[in-house]
């Protein structure tokens, strides 16, 4: 399964970092996304979900509503099977009815 982590972190105490490690351990193809970070654990980090050429099955969000509002169209265009809004990342405006 291909998973994009929006708001990925290279800080070990962050939940997005823990998710990155656990998803990789479980055999998922992980695509960390962050505008300023260039690498996590030796893996390249992309600045935008648009920079991922592979099909994305799941997007997991670790950004606030203000950020997700600006990138929601990019996420929808990737047509993931599901989008997970982790605690603190909830955004009722980003719903596809």
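The values are calculated or read from the model by the stated rules, or taken from the named source; none is laboratory data. Since the model is a prediction, treat every value here as computed from it, not as a measurement. Backbone-built Cβ (ideal geometry, glycine too); neighbour counts: all protein chains shown.
A few comments on the model shown:
- Which listed residue, of 11, 38, 79, is at pLDDT 95 or above, within 26 Å of residue 92 (Cα to Cα), more than 12 Å from the chain's Cα centre (by Cα) and surrounded by fewer than 16 Cβ atoms within 10 Å (Cβ to Cβ): 79
- All positions within segment 1-41 that are within 13 Å of residue 58 (Cβ to Cβ) and part of a strand (DSSP E or B): 2, 3, 4, 5, 6, 29, 30, 31, 33
- Residue, surrounded by the fewest Cβ atoms within 10 Å (Cβ to Cβ), within segment 42-56, restricted to residues that are free of Cβ contacts under 8 Å to residues at least 24 places away in the same chain and assigned to a loop (DSSP other than H, G, I, E, B): 42
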